[in-house]
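I have placed the structure first, in the form of structure tokens, so that the comments after it can refer back to it.
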Amino acid sequence: MTDASAPAGLNTEEAVKSYYGKTLKTSSDLKTSACTSQPGQLPKFIRAALGSVHDEVTSRYYGCGPVFPTALKGASVLDLGSGSGQDCYVLSKLVGPEGRVVGLDMTDEQLEVANKYIDYHTKLFNYSTPNVSFVKGYMEKMQEAGLESNQFDIIVSNCVINLSKDKRAVLSEALRVLKVGGELYFSDVYADQDLPPGIREHEELWCECVVGALYWKDLYKLAKEIGFSTPRLVTAGIFDIEDKSYKEFLGDAKFVSVTYRLFKLPETSSEDATVTYNGGIEGFEEEFNFDHGIVFKKGEECNVKAGLVSILTHSRYQKYFTICPGEKKGPGKCSKLEKDPFEYCAERGNKKGCC
Ligand SMILES: C[S@@+](CC[C@H](N)C(=O)[O-])C[C@H]1O[C@@H](n2cnc3c(N)ncnc32)[C@H](O)[C@@H]1O
């Protein structure tokens, strides 16, 4: 999971920089589908934003899932491992001119492509000044990259944290730079087991976002130790490793790409409450999917557990809800915490692109 299972004999930082900076030219150069598995259907307005991103940027997309949470207008967003910038440009459109997006990446060639199209997208979106910037740096050391504490509403990351040898440092830094009530909403690759260190030494499979994957249960442990709320599964999709030699090398290990949301909440405790979604979130006027199991319907009173009450009370979602602490009205809404993502995919009866 963390330092203990990081590959001892591999300089992952240099290998990853060289892979994304020099070896790969476009997404079609990838050897596995880890980086391009795409669970879920996107809403129309997000597909439209995606469709407007410059071709050179999208041709170098290596993400594994959607990183576009709801209620983004005016938000400040940080993208860890922003690559050529595709998600940043979509987010630039979604946060609007009052919001801002910062992409952080360590690889010069990726930053070069991302920076090249700032003016293009600023004009396209009709903004008077750019609301996107790209910063060079390491996600394990965001202070060094000049990212101050408590400044972002949302952090996204798409198929990047698996590439880090020090996932604890990444999540700790993410917690530091988030505002209270902010969230880490990210897609990444997970394994169905704690991979043995020997497997983690495979340089190409590390760079392909496979053998750096956390055992999915370890994310819950890590999140708790660091101080995030319990991770909530949004969507997931299993992908197959097709290459025969990779398959043999990996043995019985299985991999899944999952989108999770984790919140930074104050230490004060909340109690169960009756909450009502009042509408108002762009694209989700009538109902709003909070995670894989919870759908809020506009005007429906429902009973939710303290953990979710705390999220709704302290996050950007607060203004869209009426919250009555201590009351128990309407149907209970909860989703299974620590949901097994492999089980989630199996329940949907497909292996790729489920939900
Ligand atoms: C698989 S690509 C994903 C890029 C982008 N998120 C996308 O969806 O296209 C991984 C990216 O993360 C960057 N990266 C990997 N490890 C990093 C680290 N420790 N700090 C900053 N960037 C990192 C790489 O340079 C690369 O651009």
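Summary of computed values
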read-out: Total residues in segment 6-23, condition more than 9 Å from the ligand (Cβ to nearest atom) and under 22 Å from ASP108 (Cβ atoms); value: 7
read-out: Cβ pairs under 7 Å, 6+ apart, first in segment 96-112 and modelled with pLDDT of 95 or more, second more than 8 Å from the ligand (Cβ to nearest atom) and hydroxyl-bearing (Ser, Thr, Tyr); value: PRO97/TYR127; GLY99/SER76; ARG100/SER76; VAL101/SER92; VAL102/SER133
read-out: Segment 127-141 - residue that is out of contact with any strand residue (DSSP E or B) (no Cβ under 8 Å at 6 or more places or on another chain) and charged (D, E, K, R) and, of those, farthest from the ligand (Cβ to nearest atom); value: LYS141
read-out: THR32 assigned to a loop (DSSP other than H, G, I, E, B), modelled with pLDDT of 90 or more and open to solvent by less than 20 Å² (accessible area, probe 1.4 Å); value: no
read-out: Evaluation of CYS209 against (1) within 18 Å of the chain's Cα centre (by Cα); (2) farther than 18 Å from CYS345 by Cα; (3) not in a loop (DSSP other than H, G, I, E, B) (one fails), failing number; value: (3)
read-out: Residue match in segment 177-194 (condition: without any contact (Cβ under 8 Å) to a residue 40 or more places away in the chain, of a type outside the set (A, V, I, L, M) and open to solvent by 10 Å² or more (accessible area, probe 1.4 Å)); value: no
read-out: Subset of segment 101-122 (residues that are within 14 Å of the ligand (Cβ to nearest atom), of a type outside the set (A, V, I, L, M, F, W, C) and open to solvent by less than 40 Å² (accessible area, probe 1.4 Å)); value: GLY103, ASP105, THR107, GLN110, TYR117
read-out: Checking PHE125 against (1) closer than 17 Å to ILE226 by Cβ; (2) surrounded by fewer than 24 Cβ atoms within 10 Å (Cβ to Cβ), the condition it does not meet; value: (1)
read-out: Selection count where residues are touching a residue at least 40 places away in the same chain (Cβ under 8 Å) and either away from the ligand (no atom under 12 Å from the Cβ) or crowded, with 24+ Cβ neighbours inside 10 Å (or both), scope segment 142-156; value: 6
read-out: Residues that are under 13 Å from TYR185 (Cα atoms), among the aliphatic types (A, V, I, L, M) and assigned to a helix (DSSP H, G or I), drawn from segment 55-95; value: LEU91
read-out: Count - residues of segment 166-175 that are surrounded by fewer than 22 Cβ atoms within 10 Å (Cβ to Cβ) and in contact (Cβ under 8 Å) with a residue 40 or more places away in the chain; value: 4
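The values are calculated or read from the model by the stated rules, or taken from the named source; none is laboratory data. Predicted model, so just to flag it, every value in this text is computed and none were measured. No Cβ is skipped: glycine too gets one built from the backbone with ideal geometry, and neighbour counts run over all protein chains shown. Surface areas here come from the heavy atoms of the whole protein model, side chains and all, with no ligands, DNA or RNA. Shrake-Rupley method; radii C 1.70, N 1.55, O 1.52, S 1.80 Å.
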